[in-house]
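A short write-up of the structure that comes next.
The values are calculated or read from the model by the stated rules, or taken from the named source; none is laboratory data. From a predicted model like this one, the values you see are computed outputs, not experimental measurements. Ideal geometry is used to build each Cβ from the backbone, glycine not excepted, and the neighbour counts take in all protein chains shown. Surface areas here come from the heavy atoms of the whole protein model, side chains and all, with no ligands, DNA or RNA. Shrake-Rupley method; radii C 1.70, N 1.55, O 1.52, S 1.80 Å.
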Amino acid sequence: MSKSLVCACEDVTASEIEHAMTKGPCDIESIKRFTGFGTGMCQGKQCLNAVARLLEAKAPQKPAPEQLLAFTPRPPLFPTELSYWASASFDPALAPGGGVPGALDVTAPTLRPTAPIKSKAKIVIIGGGIMGLSLAWNLTLQGETDVVVLEQGYLCAGASGRNGGGIRAQWGTPTLITLARRSIELMQRFARDMGINVWFRQGGYLFLAKSDDVVRRIEKSARLHNQHGVPTEILTADAARDVVPELTMKGVKAAAWNPKDAVIFPWPFLWGYATQAQKRGVQVETFTRVQGFELSQGKVKKVITDRGDIECDTVVLAAGAWSAEIAKLAGVHLPNEPHRHEICSTEPLKPFLGPLVSVLDSGLYFSQSMRGEIVGGMGDPREPAGMNLGSTARFLTRYAQALTEQLPQAGAVKVLRQWSGPYDVTPDNSPILGKTPQLENLLHLSGFVGHGFMMAPAVTERMAKWMATGESDELFERFTLSRFAEGRLEREDMIIG
Ligand SMILES: Cc1cc2nc3c(=O)[nH]c(=O)nc-3n(C[C@H](O)[C@H](O)[C@H](O)COP(=O)(O)OP(=O)(O)OC[C@H]3O[C@@H](n4cnc5c(N)ncnc54)[C@H](O)[C@@H]3O)c2cc1C
């Protein structure tokens, strides 16, 4: 065991890097997400070379040069105070541009594993995000182990590796409240069940409302929460300041407060699900891209990938914001649209912020992670639909202005890195689940907008049971793709951003 420190900011040792190499793909991005190296103050400037050298010397399979490349650049180039960004200006009428590119080309042929892929499997899951991986794990609990998960990049390449880690039961419909409560239960015991620390912290969610319309919305949903066992309280602005004394409450009319909501660190969930599913026989194929389907007699017969074809009985499309483009390859139209959401993280501070705070009117949200960073983002009504993972100065400016209005002390805090991820947006903000009318062995598990991480444990528990037992479950009858053609929408309006 080498205790020599490789990443001094995040306390990552050489033996932890070597341990990560035994757990999964040996590319820099995957190792970063497994160990957290390079995510601290220096943003990898001091440790990246040492990790690349370790990979080259000790990885079970010699990595390709591309796998040793510096990870995706994360602006700003150096830690910059939020007050600096708050004093910049932006044109609110303009749509945000592309920004600094924020993703590797994960489909580069040199990143593709050379080992052959299975030619036949009972169930193929497309997408190795939280949905695909937690479904694979839950299928094994139902006795289904002939399962392959296909992921075009590294684990955490999609929205699941790019989100804010907020977990809340404060929803506007009974179904989402029930699912979120179950997910919170499962996430609370995830570390014990799956053997990996997920930095679960139950500090609550404080929703701030600035307009009469939003006040009415939080009051209505609080009544529903209470009927479903969620102890949400409506507070005056003064009472909300008792929850977080540092908040100015500027413009705030009322707040909704549930102390049982939580935040987590997303990355270890994916590794936990993947590792445990693999132990039970699931194959998780990273850097493997789905390129098409072979269809026959109203069914998907084969999934075509850049590493070969897989014959299968059932296909689950769990590719988040990429789902619509993949469905198109099978001739199926999904109404999902990708929308970029930007987010950033600051230098770590001593713990001071209990809850995740969100201003529902503007889409601002921020929380303090267990590592002390303030992690937050804000939706942009001008963001056009499209797959864009770039990062913009416009976002930092808008976010810093909104954040420092509510939390002035944050002005002195430095932003360490920013990134973005795709929301997978459906016309009614609710997911698409279950069968495809024309291709009944193509199942859907997508459309989770900005809340899929917290829904995944509970939804996939039910989906695995529904798939394995054939027992009916209203989730897979109500949230079907056919509801759009039937004009039967399932609207959810407690959406941030
Ligand atoms: C900025 C931001 C903040 C968010 N905050 C929260 C939050 O606080 N709480 C919360 O619950 N949710 C949050 N979300 C939403 C949440 O992250 C998503 O709903 C969830 O991660 C979706 O998981 P998924 O598995 O469906 O999709 P993803 O994680 O996107 O996984 C889909 C995977 O499919 C892969 N793929 C794509 N095309 C192919 C192909 N052709 N072949 C093979 N694989 C392919 C992609 O590489 C990707 O890894 C946030 C999202 C963003 C962007």
If each residue of separation counts as 0.36 nm, what is the full-extension length gain between Asp193 and Lys253 once their alpha-carbon separation is subtracted? 17.4 nm
Kirkwood hydrodynamic radius of the chain from all distinct Cα pairs, in Å? 23.1
If you check each cysteine of the chain for another cysteine whose beta-carbon is under 4.7 Å away, which ones come up empty? Cys9, Cys26, Cys42, Cys156, Cys312, Cys344
Globularity index of segment 78-140, i.e. its alpha-carbon radius of gyration over 2.2 N^0.38 Å: 1.99
So, in Å, what gap is there between the alpha-carbon centers of segment 31-70 and segment 369-394? 25
Can you report the principal axis dimensions of segment 315-399 using only the alpha carbons, biggest first, rounded to whole angstrom? 52, 29, 23
If one puts a single equal scatterer on every Cα of segment 5-71 and applies the Debye formula without solvent, what log₁₀ I(q)/I(0) results at q = 0.14, 0.17, 0.25, 0.26 Å⁻¹? -0.31, -0.47, -1.06, -1.15
Net length gained if the chain between Thr110 and Thr80 were fully extended (0.36 nm per residue, minus Cα distance): 7.3 nm
Give me the percent of accessible area attributable to carbon and sulfur for segment 188-228, probe 1.4 angstrom. 45
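Quick check for me: using +1 on Lys/Arg Cβ and -1 on Asp/Glu Cβ, what's the dipole size of the chain about its Cα centre, in debye to the nearest 20?
That gives the chain a dipole magnitude of about 620 debye.
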Cα-Cα longer than 29 Å, checked against Lys58/Lys118; Lys23/Lys435; Lys32/Lys350; Lys120/Lys465; Lys279/Lys302; Lys32/Lys299, kept in input order, equals Lys23/Lys435; Lys32/Lys299
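Restricting things to Cα coordinates, could you compute the convex hull volume per residue of segment 209-307 in Å³?
258
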Accessible-area ranking of Met41, Met131, largest first, probe 1.4 Å: Met41, Met131
Given a 1.4 Å probe and heavy atoms of the protein chains only, how would you sort Arg168, Arg491, largest accessible area at the top? Arg491, Arg168
Order of 64-71, 426-433 by packing, highest average Cβ count within 10 Å first? 426-433, 64-71
Quick one: accessible area per residue over the chain, 1.4 Å probe, rounded to a whole number of Å²? 40
Over all directions, average the projected area of the Cα convex hull of segment 48-156 and note it in nm². 11.6
Could you report the accessible area of Lys122 in Å², rounded to 10, computed with a 1.4 Å probe on the protein chains as they sit in the structure? 80
Near Lys250, which lysines are there with a Cα under 19 Å away, not counting those fewer than 8 places off in the same chain? Lys210
Could you pull out the chymotrypsin sites (Phe, Trp or Tyr not before Pro) across segment 319-395 that fall in loop regions by DSSP (anything but H, G, I, E, B) with no more than 14 other Cβ atoms inside 10 Å? Phe352
Which order do the peptides 56-63, 209-216, 159-166 take when ranked by the mean count of other beta-carbon atoms within 10 Å per residue, highest first? 159-166, 209-216, 56-63
What does the highest-first list of 174-186, 133-145 look like by mean Cβ count within 10 Å? 133-145, 174-186
Need one number: % antiparallel among DSSP beta bridges in the chain, to the nearest 5. 70
Gain in span if fully extended, Arg478 to Ile495, counting 0.36 nm per residue against the direct Cα distance: 4.1 nm
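What share of the DSSP beta bridges in segment 271-343 is antiparallel, in percent to the nearest 5? Mind dumping the intermediate values first?
Details: 10 of 11 bridges.
Taking every DSSP beta bridge within segment 271-343, about 90 percent pair in antiparallel fashion.
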